[in-house]
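Visitor: Quick one: structure below, then a few questions.
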Amino acid sequence: MNSSLITTDVERAAEALRAGGLVAVPTETVYGLAADATDAVALRRIFIAKGRPPDHPLIVHVDSAERLDAWAARVPASAQLLIAAAWPGPLTVILPRGPRVLDEVTGGRDTVGLRMPAHPMAAALLEQSGLAFAAPSANRFGSVSPTTAQHVLDELGDHLDPRIDVILDGGACPIGVESTIVDCTDDPPQVLRAGAVTVEDIDRLLGVATAPPSGPSRASGMLASHYAPRCEVRLVDDADDAFALRAGTPRSEVLDLTDDLVRYAHDLYARLRDADARGVGTVIAVLPPPVGLGHAIRDRLTKAAAPRR
């Protein structure tokens, strides 16, 4: 792994994007692996670096809601309401794709995911490069998302080219779980992935109850198994059950931050990565209640604990 990949120089990262390189970029959610959203060759390198199936769509990151006309064929009223309230921020909206959107971005689908990140380095990269970038999380497909530049280097360092690629170091991501994804092509809209913009927030903003996910997988994180460490993850509903299970499970430890869900989300992926690094065999995780940010944490833990594909 080449530590020269890591930089805090946004202009160097912008030059890499413009030259067809990949840039691991910090966002408020997790680190993304970005490429110019109009460069098919660079986009295909994302899939190779991650080992990601080519039919899994990417999210396009833009610097302004005014740029949506370049990417979406139309913006339904539901999306307009959510964008006005939650952009920039950890919210992705699924819209009908516009004519310039490449199949490499959408996996051949007729929709595209769009968001405007709030992290200052991601915003600076968009501004200085003059590009929109498409980015999934900067990790190997199906594994735990990275929340620091070192996580990216540890996992993708051998899959990036130090001559043209960059890891932009913006410190630890403040939220720690991926963006909420809302499919605004449906009526009512469907929440395809829970995140820091909660289901309750979205229902309140729209004035209607959103629907749970249905239909085929069409956004990141919709597979049953995802966000998975090497160690086994087992789920329980309370701390008493967790410690009882630990007593009979060798090389295990308990993960319980249910008293502070913001901290739980922020620390979750780092704790799972650390467990792997220390050779823990089983993480016994206490599920938070299914309200607010608890929806996102439960989703990530449930997918981490699912049988591996």
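The values are calculated or read from the model by the stated rules, or taken from the named source; none is laboratory data. All values derive from a computational prediction rather than experimental measurement. As a convention, Cβ positions derive from the backbone with ideal geometry for all residues, glycine included, and neighbour counts pool all protein chains shown. To get the accessible areas, we keep the full protein, side chains included, count just its heavy atoms, and leave off ligands, DNA and RNA. Shrake-Rupley method; radii C 1.70, N 1.55, O 1.52, S 1.80 Å.
Visitor: Does segment 219-240 contain any residue that is touching a residue at least 24 places away in the same chain (Cβ under 8 Å), open to solvent by 40 Å² or more (accessible area, probe 1.4 Å) and on the phi > 0 side of the Ramachandran plot?
Guide: No: segment 219-240 contains no residue that is touching a residue at least 24 places away in the same chain (Cβ under 8 Å), open to solvent by 40 Å² or more (accessible area, probe 1.4 Å) and on the phi > 0 side of the Ramachandran plot.
Visitor: Let me ask something additional. What pairs come up if the first residue lies in segment 192-204 and is at pLDDT 95 or above, the second is outside any loop (DSSP other than H, G, I, E, B) and open to solvent by 20 Å² or more (accessible area, probe 1.4 Å), and their beta carbons are under 6 Å apart, counting only those six or more places apart or on different chains?
Guide: Short answer, once both residue conditions are applied: Ala194/His295; Ala194/Asp299; Val199/His295.
Visitor: Please state which of the following conditions Thr147 fails to meet, knowing it meets all the rest: (1) part of a loop (DSSP other than H, G, I, E, B); (2) open to solvent by 20 Å² or more (accessible area, probe 1.4 Å); (3) out of contact with any Lys or Arg (no Cβ under 6 Å at 6 or more places or on another chain).
Guide: (2)
Visitor: May I ask you to list the residues in segment 46-93 that are surrounded by fewer than 16 Cβ atoms within 10 Å (Cβ to Cβ) and β-branched (Val, Ile, Thr)?
Guide: Ile48
Visitor: Which residues, taken from segment 274-309, are in a helix (DSSP H, G or I), within 19 Å of Ser225 (Cβ to Cβ) and not aliphatic (A, V, I, L, M)?
Guide: Matches in segment 274-309: Asp276, His295, Arg298, Asp299, Arg300, Thr302, Lys303.
Visitor: Consider Gly108 carefully, then state whether it is open to solvent by 20 Å² or more (accessible area, probe 1.4 Å), closer than 30 Å to Ala306 by Cβ and either small (Gly, Ala, Ser) or touching a residue at least 12 places away in the same chain (Cβ under 8 Å) (or both).
Guide: Considered against the rule, which asks whether it is open to solvent by 20 Å² or more (accessible area, probe 1.4 Å), closer than 30 Å to Ala306 by Cβ and either small (Gly, Ala, Ser) or touching a residue at least 12 places away in the same chain (Cβ under 8 Å) (or both), Gly108 comes out as yes.
Visitor: Okay, next question. Considering only residues of segment 112-132 that are out of contact with any strand residue (DSSP E or B) (no Cβ under 6 Å at 6 or more places or on another chain) and in contact (Cβ under 8 Å) with a residue 60 or more places away in the chain, which is nearest to Asp55 (Cα to Cα)?
Guide: Selected residue: Leu126.
Visitor: May I ask you to say which residue of Val254, Val262 is open to solvent by 20 Å² or more (accessible area, probe 1.4 Å), in a helix (DSSP H, G or I) and in contact (Cβ under 8 Å) with a residue 24 or more places away in the chain?
Guide: Val262
Visitor: Read through the list (1) open to solvent by 10 Å² or more (accessible area, probe 1.4 Å); (2) in a loop (DSSP other than H, G, I, E, B); (3) hydroxyl-bearing (Ser, Thr, Tyr), then give the number of the only condition that Ser4 fails.
Guide: If we test Ser4 against (1) open to solvent by 10 Å² or more (accessible area, probe 1.4 Å); (2) in a loop (DSSP other than H, G, I, E, B); (3) hydroxyl-bearing (Ser, Thr, Tyr), just (2) comes out false.
Visitor: Scan segment 210-240 for residues that are assigned to a loop (DSSP other than H, G, I, E, B), modelled with pLDDT under 95 and farther than 23 Å from Ala270 by Cβ and jot them down.
Guide: Correct list: Thr210, Pro212, Pro213, Ser214, Gly215, Pro216, Ser217, Arg218, Ala219, Met222, Ala224.
Visitor: Looking at Asp158, Asp186, which one is under 25 Å from Val10 (Cβ atoms) and of a type in the set (Asp, Glu)?
Guide: Asp158
Visitor: Please verify whether segment 174-189 includes one or more residues that are more than 19 Å from the chain's Cα centre (by Cα), within 21 Å of Gly108 (Cβ to Cβ) and open to solvent by 20 Å² or more (accessible area, probe 1.4 Å).
Guide: yes
Visitor: Pairs needed: first member in segment 265-278, at pLDDT 95 or above; second member anywhere, of a type in the set (D, E, K, R) and open to solvent by 30 Å² or more (accessible area, probe 1.4 Å); C-beta distance under 7 Å; at least 6 residues apart or different chains.
Guide: These pairs meet every condition: Ala275/Glu253; Asp276/Arg230.
Visitor: Quick check on Leu301: is it open to solvent by 10 Å² or more (accessible area, probe 1.4 Å), touching a residue at least 60 places away in the same chain (Cβ under 8 Å) and at negative phi?
Guide: Against the criterion (open to solvent by 10 Å² or more (accessible area, probe 1.4 Å), touching a residue at least 60 places away in the same chain (Cβ under 8 Å) and at negative phi), Leu301 does not qualify.
Visitor: Further question on the same structure: Among the numbered criteria (1) open to solvent by less than 10 Å² (accessible area, probe 1.4 Å); (2) assigned to a helix (DSSP H, G or I), which one does Arg271 miss?
Guide: All conditions are met except number (1).
Visitor: Would you mind telling me which numbered condition in (1) out of contact with any helix residue (DSSP H, G or I) (no Cβ under 7 Å at 6 or more places or on another chain); (2) closer than 20 Å to Ala14 by Cα; (3) open to solvent by less than 20 Å² (accessible area, probe 1.4 Å); (4) not small (Gly, Ala, Ser) Phe133 fails?
Guide: All conditions are met except number (1).
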